[in-house]
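What follows is calculated from the coordinates using simple rules that are stated; it is not laboratory data. Source: prediction; values computed, not measured. Counting neighbours? That spans all protein chains shown, and the Cβs are built from the backbone with ideal geometry, glycine included.
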């Protein structure tokens, strides 16, 4: 049964207005704000971040929302971005994904954010993602100090967007090997609760309220139909204009060409004494694939 969001006992109520006031205090002293918006498919990540965009003066759903993983879209919109404004990376985390760290463009983007972004714009950044750990560690542990976790629609009102808000302060004593959001220890608690039986809304809410960075909760209205249609039109426009190569459909000819290039590159690296593990890391493939190519190359050499 779907239940009201505030039925699970005395949440700390907050609002979009209050959060923006707090974030604007940071941008006023030339400190940018990075916010993760996390949640399952259809739980309202895009609508929530777009609702924040609408509350920022002179911001809109085209200039201040990045819809693709193409770095060119981000840079074009960043260059036109006003100071103390807002930018949403909507389902565009390939550009800063930890899974794509071997990509030279990702490394360049990290360096760019470290040196330029925080000094130039002093703005509010939203990153929409299903899993917090999908984000590159640089953002997750060092840049993002706010997390908006969308409430599960099955537990709450399906006609609205519900969210839990977390604030994390800088933890200077942690090494780079630790997750600054303390999720490792929290997962043990969550798994223990889930093993006891059916996971209910009350259990879900109480666990989130027990997190050390819990800040509050809020209910966010959905975008009006006209604005939701505008969002989808903008998304289609962005994909037509900025669609990256990796999202373009590959023909069998293109696939064969890429496979041949990869094979030749691996053979060249192996001939020059580069270890299989290092080749796999650089190319983003498994060591087993490298070993297979090596065996094929050796077999061809013996036949010759």
| field | Using a Förster distance of 45 Å, the FRET efficiency for residue 171-residue 292 (Cβ separation, nearest 0.05) | value | 0.55
| query | Roughly how many nanometres apart are two label points built 7 Å out from the Cα toward the Cβ at residue 228 and residue 111? | reply | 4.3 nm
| By per-residue mean of other Cβ atoms within 10 Å, what is the highest-first order of 219-229, 73-83, 29-39? | 29-39, 73-83, 219-229
| task | Output the peptides 64-70, 206-212 sorted from most to least packed, where packing is the average of other Cβ atoms within 10 Å over each peptide's residues. | result | 64-70, 206-212
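Among 135-141, 122-128, 154-160, 231-237, how do they line up by average Cβ neighbours within 10 Å per residue, starting with the highest?
Numbers: 135-141: 20.0, 122-128: 23.7, 154-160: 16.0, 231-237: 14.3.
By packing density, highest mean first, the sequence is 122-128, 135-141, 154-160, 231-237.
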| What FRET efficiency, computed as 1/(1 + (r/R0)^6) with R0 = 35 Å and r the Cβ-Cβ distance, is obtained for residue 21 and residue 104, rounded to the nearest 0.05? | 0.35
| said: Testing the spin-label approximation: label points 7 Å from Cα along Cα→Cβ at residue 199 and residue 58. State their distance in nm. | reply: 4.4 nm
| note | For the range 5-246, the Debye formula with one identical point scatterer on each Cα and no solvent gives log10 I(q)/I(0) at q = 0.13, 0.16 Å⁻¹ as -0.82, -1.27
| task | Assuming R0 = 41 Å, can you tell me the calculated FRET efficiency for the pair residue 240 and residue 28, based on Cβ-Cβ distance, to the nearest 0.05? | result | 0.60
| task | Using label points projected 7 Å from each Cα along Cα→Cβ, tell me how many nm separate residue 75 and residue 277, to one decimal. | result | 3.5 nm
